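Chemist: I have a structure here, written as C-alpha cells, and I will follow up with some questions on it.
The values are calculated or read from the model by the stated rules, or taken from the named source; none is laboratory data. Treat the numbers as computed from the prediction; the structure is a model and nothing was measured. Counting neighbours? That spans all protein chains shown, and the Cβs are built from the backbone with ideal geometry, glycine included.
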Amino acid sequence: MTQQFFVNLPVKNVKKSMEFWKAVGYTINPQLTGDGFTCVTFGENFFAMLLEHEKFNQFAPSPIVDATKTPTVIVGLGCESRADVENKVRRALEAGAKRHGEPEDHDFMYQDAFVDLDGHGWAVTYFVPAKP
C-alpha cells in the first residue's frame with residue numbers, strides 16, 4: 001500500500017488560500033473541496049487540507065493560535081532544481097506570502113522559505129544529488 005501524507009492547516013479564508021496555492025503552481029483537488037475546506041496537491045502522495053477555522057476546530061484538540069504571532073509549523077517542500085525553488089518562492093511572494101530569511105546555498109542543498117497568508121512556514125528545498 002502506498003502511504004500518503006496529509007497536513008491539516010487552519011486558514012482564515014479558503015478561497016484566498018486556493019488562489020494563493022494555484023498562483024504558486026499547485027493544484028486543488030475538487031473531490032476534496034467543499035464549504036470551508038480544500039485539498040492542495042503538492043505531489044503524488046503529499047497533500048495539505050486547508051480548513052477554515054470553524055471546520056478545523058471540529059478536529060483540533062485545542063484552540064487555534066495565530067500563526068502570524070506564534071509559529072506553529074514549518075512544512076518542507078522538495079523541488080526538482082534550484083531554479084524550481086526560486087520560481088516557487090518568487091510566485092509565493094507575488095501572491096502575498098512574506099519572505100522568511102534569506103536563501104541558503106549549501107553543498108548538498110539549496111533552500112529558501114516563506115510564510116503563507118495565514119502565517120504557516122514553508123521551507124522550499126532542492127537536495128543536490130549525491131555524487132557517485
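Chemist: Restricting attention to the stretch 53-63, report how many residues are touching a strand residue (DSSP E or B) at 6+ places or on another chain (Cβ under 6 Å) and touching a residue at least 24 places away in the same chain (Cβ under 8 Å). Talk me through it step by step, then tell me what you get.
Modeler: Narrowing the stretch 53-63 to residues touching a strand residue (DSSP E or B) at 6+ places or on another chain (Cβ under 6 Å): 53, 55-56.
Going one step further and asking which of them are touching a residue at least 24 places away in the same chain (Cβ under 8 Å), we end up with 53, 56.
Here the count works out to 2.
Chemist: Which pairs do you get when a residue that is over 16 Å from VAL7 (Cβ atoms), found in the stretch 119-131, comes within reach of a residue that is of a type in the set (A, V, I, L, M, F, W, C) and outside any strand (DSSP E or B), reach meaning Cβ atoms under 6 angstrom, with the pair 6+ apart or on two chains?
Modeler: Note: pairs meeting the criteria are TYR126/CYS79; TYR126/VAL85; VAL128/PHE108.
Chemist: Is one or more of the residues making up the stretch 52-74 under 20 Å from TYR126 (Cα atoms) and either touching a helix residue (DSSP H, G or I) at 6+ places or on another chain (Cβ under 6 Å) or aliphatic (A, V, I, L, M) (or both)?
Modeler: Going through the stretch 52-74, the residues under 20 Å from TYR126 (Cα atoms) turn out to be 73-74.
The next check asks that each one be either touching a helix residue (DSSP H, G or I) at 6+ places or on another chain (Cβ under 6 Å) or aliphatic (A, V, I, L, M) (or both); those that pass are 73-74.
Yes, there is a match, as at least one residue in the stretch 52-74 is under 20 Å from TYR126 (Cα atoms) and either touching a helix residue (DSSP H, G or I) at 6+ places or on another chain (Cβ under 6 Å) or aliphatic (A, V, I, L, M) (or both).
Chemist: Among PHE20, PHE56, PHE42, which is part of a strand (DSSP E or B) and either outside the structural domain of ASP84 (by TED's automatic domain parsing) or touching a Gly at 6+ places or on another chain (Cβ under 8 Å) (or both)? So that I can check it myself, show each step before the final result.
Modeler: Working: PHE20 fails: part of a strand (DSSP E or B); PHE56 fails: part of a strand (DSSP E or B).
Of the residues listed, the single one that is part of a strand (DSSP E or B) and either outside the structural domain of ASP84 (by TED's automatic domain parsing) or touching a Gly at 6+ places or on another chain (Cβ under 8 Å) (or both) is PHE42.
So that you can scan it fast, the table gives a plain yes or no per residue for (1) at pLDDT 95 or above; (2) in a strand (DSSP E or B); (3) small (Gly, Ala, Ser):
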residue	(1), (2), (3)
PRO61	no, no, no
VAL65	no, no, no
PRO71	no, no, no
ASP84	yes, no, no
LYS88	yes, no, no
GLY96	yes, no, yes
TYR110	yes, yes, no
GLY119	yes, no, yes
